[in-house]
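The values are calculated or read from the model by the stated rules, or taken from the named source; none is laboratory data. Bear in mind that the values here come from a model prediction, so they are computed numbers and not experimental data. Heads up, the Cβs are rebuilt from the backbone with ideal geometry, glycines too, and the neighbour counts pull from every protein chain shown.
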Amino acid sequence: MSETHLEWPFFETRHRELASSLDAWARAHADKLERPEANVDVATRDLAGLLGQAGWLRHLATSDWGGPGRTIDVRSLCLIRERLSWYSGIADCVLAIQGLGSVPITLFGSRTLQQAFLPGVFAGTHYGSFCLSEEVAGSDVSSLATTARADGNEYILDGAKTWISHAPVATHHIVFARTGPDAGAKGLSAFVVDAATPGVRISESLDIIAPHSIGSVVFEDCRIPAHCLLGQVGEGFKIAMSTLDIFRSTVGAAALGLARRALAETVTRVGAREVFGRKLAAFQATQMRVADMAVDVDTAALLVYRAAWTKDCTERRISRESAMAKMHATEAAQRVIDSAVQLFGGLGVTVGSVVERLYREIRPLRIYEGTTEIQKIIIATQLLGKT
Ligand code: COS
């Protein structure tokens, strides 16, 4: 794998050390990463255990959990996702969802909630989910309909969430719900809900083109203690968006790992395959494609690590940088992988080949955590204001 981007000034020595030890670990565990158990729920638990034991999930927070500020090193998370997705979309997904299921607690949870939920997530023995999307509220978060009604020192949750990664295995859920009469974003709050609470039900598991554990969750007259509120009442939208600001750069990093793998596989393939008596690499049509692929990979890496560096090293909100990183890296990776499939020919569409896996695994990344179109809206709003 090309390591040249590690020379960029976005990184410190600890990042280069992390990348090299992760690479050695991933190579040693390639078998388990590339060929997980066929049952996605079992695979999720196995891989969470593997990543937890190796200490990689510990990077989802710094040792002094809690409080606003620079408690999460986004460059480390990006490097880990880039490496994991090279080998396995499902392993990458485990890291990402353990993150979405823990970062709201790390940044906005009380010490009690942190102590109750975070150690298990970092050890890979407990699993979180991020219950934001609803059937008619995916892109338009502020229209979500799940409610949380205060009743003494409890809240009562009612509603249905769908396309929730890790819902079938989750031991807790981060739930975004409407707590007050305030319309739109201001009426939302966030909670952590133990999955064993009466009134929580997994209503279905979903099959998607890049298989992982995913499903729908229903909350019916579900009573939770008031201390399970994250942040303050009415801060739910802010909690969701600031978590996504961190993770959107890392989605870009996962796309980068998929694209790098596609480029590496392509370089090997076109250097070996002969057509019309010449190596595929000798044709200018191949060279043009490979050059475009390389530029897409590097521009994706630049935007991903610019966003991660900005989050780690400045105090400001990075909605624009992370939207650009997510949008460009996922779209660029789709182009790179499509070119790889084209250059592999029949092998590229043969189930079980590496580029066929990459072709399926890249597609959801252009949708989840905000579609490409939503990222464009975020970028444009920063330039034009609300229109
Ligand atoms: N961090 C902190 N606060 C934020 C924020 C962020 N990144 N982004 C917005 N806010 C605040 C705004 O400042 C605003 O507060 P004030 O009213 O006090 O100024 C409030 O939140 C509402 O923001 P905005 O008006 O921009 O919200 P919109 O309803 O217009 O939504 C989009 C904006 C479309 C960008 C948002 O709904 C979004 O990101 N949607 C995609 C969600 C998604 O990723 N879904 C997939 C599910 S997760 S797998």
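Summary of values
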read-out: Residues that are touching a strand residue (DSSP E or B) at 6+ places or on another chain (Cβ under 9 Å), without any contact (Cβ under 8 Å) to a residue 40 or more places away in the chain and farther than 11 Å from Gly159 by Cα, drawn from segment 134-148; value: Gly138
read-out: Cβ pairs under 8 Å, 6+ apart, first in segment 237-253 and on the phi < 0 side of the Ramachandran plot, second more than 9 Å from the ligand (Cβ to nearest atom) and of a type in the set (Ser, Thr, Tyr); value: Val251/Thr330; Gly252/Thr330; Ala253/Ser85
read-out: Members of segment 190-245 that are within 29 Å of Leu365 (Cβ to Cβ) and among the acidic types (Asp, Glu); value: Glu204, Asp207, Glu235, Asp245
read-out: Complete set of residues in segment 138-164 that are crowded, with 18+ Cβ neighbours inside 10 Å, modelled with pLDDT under 95 and not in a loop (DSSP other than H, G, I, E, B); value: Val141
read-out: Candidate set from segment 165-191 (those that are of a type in the set (A, V, I, L, M, F, W, C) and in a loop (DSSP other than H, G, I, E, B)); member that is farthest from the ligand (Cβ to nearest atom); value: Val169
read-out: Ala262 vs. criteria farther than 26 Å from Ser142 by Cβ and away from the ligand (no atom under 11 Å from the Cβ); value: yes
read-out: Selection within segment 207-231 - within 13 Å of the ligand (Cβ to nearest atom) and over 19 Å from Phe117 (Cα atoms); value: Ile208, His212, Ile214
